[in-house]
Amino acid sequence: RTCVLLPDENREVLQTLLYFLSDIASAEENQMTAGNLAVCLAPSILHLNVSKKEGTSPRLIHRKGAGGKPDHKDLSENMAASQGLSHMIVECKKLFQFPHEMMLQSRNSYVAADAQPLPLYGLGLNMKGNPVDYRAYLEDNIQAVLREAIAKSKGWHSAPSPENTELTYKKVWLSPIRLWKVTTEIEAPPQTLLHRVLRERHLWDDDLLHSRVIEALEDNTEVYHFVTDTMAPHPRRDFVVMRRWCRDLPRGLCLLVSSSVDHDNVHLEAGLQAVLLTSRFLIEPSGMGRSRLTHYCRADLRGRSPEWYCKVFGHLCAVEVARIRGSFPVLTARGTETKI
C-alpha cells in the first residue's frame, strides 16, 4: 500500500532498482544474495545513521563522545533496514501489483474520473445530448483542428522543449490533464509525412512492440491497435484507437485524428490499457518539399499523478515529434543526405 502513495518518479526508480538487484541475486554462481546486497546498500538507500553537523540531541552527543560508534539502537535499525530491503528484493514482483480497488481510490488513477475508452458507435454527444456515431465524432475533431490552425497561438502557454521544436499547452476545463501542442519543421512533403506517421510508426517510435489494423471502417477510417514498452520492468501499454486521415484538404493540408475506443475484437497484452483522449496531427506545406507538423495530444497513461502530466508528459510529446523529424534525411549544403 505504501508504494502506491509514492510520487511516480520515486516509485519507478525504486521498482527499477529492486528488479535490477533481484536479477543480480538470482544469478548463478553469485555470492551477492538478496541479504548480502541489502547489508551493503540499505544504509545508502534508506539514509541510515545520517548525523547533522550541529545536532544537539542527547543520543547524538553520546555518539560523538563515543567516537562516533553506532549504539545498540543504531545497530538494531541497521539490521531491520537490511532485513526489510532483502525482503523487498526477494518480493519485488509483488510489491508493485496493485488491486483494481486500490487504484480506484488512488489519486494517481483517472479510472474514477471516467477516462475510459468510448464505445465505437457512441463516441460523443450532439447539441441535444444524444449519442452520435463515429463519423460525426471524427468530423468534429477535424473541424476543431482546422479552427485551431486559424486561431494559432490564442490561449496557449509556452514550455521548454527540445531543439527545433515549439512546445505549448492549454488547460482543459475540469481536467488535470492538459492539452499539449508541439510544432516543428520537417524535410518531407505533407503526404509523405502523413504516410510516415500513419503507416511507419516503427521508424520513429523506439518503444513500439507491434501494431496492426483491427478493422477498416472506411477508406480513410480504421480501428488501430499498438503496444508500447518504455522500459522493463514497467508495464506495457495497449492503445486501441479509432483514427481518420485526410489528404485532400485546401491549401495542401493533411491531418490525422485519433481517439481511444472500446472494440470487442482486440486481445489486450498483459499490462495497462492507456487512453488516448485525443491525438491530432496537422501537416501544412512549408515550401521546397518541407512541412510544418503540429501535434495536439491528451492521454491518460494510467498510474500517473497530475504533477506528472504537467511536468513530464508534454516533454514526451515533444520528443515523439522530434523522433518523427529525425526519421527523415536532411539535405546538407553539398547535397548529401544525413540523419538528424
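Computed from the coordinates by the stated procedures, all read-outs in this text should not be read as laboratory data. Since this is a predicted model, take the numbers as computed values, not measurements. With ideal geometry, Cβ positions are generated from the backbone for all residues, glycine too; neighbour counts draw on all protein chains shown.
The table for this structure:
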read-out: Net charge contributed by nearby residues that have their C-beta within less than 14 Å of ASN141 (K/R +1, D/E -1); value: +2
read-out: Segment HIS72-LEU174, extension gain: residue separation times 0.36 nm, minus the distance between their alpha carbons; value: 31.3 nm
read-out: Interchain or long-range residues, amide H under 5 Å from ALA274's placed H; value: ASP238
read-out: HIS195 paired with THR33, simple spin-label distance in nm, labels 7 Å along Cα-to-beta-carbon; value: 6.1
read-out: Estimated vicinal HN-Hα couplings, Hz - the range 22-35 in sequence order (Karplus 6.51, -1.76, 1.60; Gly, Pro = x); value: 5, 5, 5, 5, 8, 5, 5, 6, 10, 7, 7, 6, 4, x
read-out: Residue pairs, from the table LYS152/LYS181; LYS154/LYS181; LYS170/LYS311; LYS73/LYS93; LYS171/LYS311, whose Cα atoms sit over 20 Å apart; value: LYS73/LYS93
read-out: Under the Karplus curve 6.51 cos²θ - 1.76 cosθ + 1.60, θ = phi - 60°, whole-Hz ³J(HN,Hα) for the range 282-289, x wherever Gly or Pro sits; value: 10, 10, 10, x, 10, x, 6, x
read-out: Distance from the range 308-324 to the range 227-251 (C-alpha centre basis), Å; value: 14
read-out: Residue-by-residue Karplus 3J(HN,Hα) for the range 292-305, coefficients 6.51, -1.76, 1.60, Hz, glycine and proline x; value: 10, 9, 10, 10, 9, 8, 9, 8, 10, 7, 6, x, 10, 8
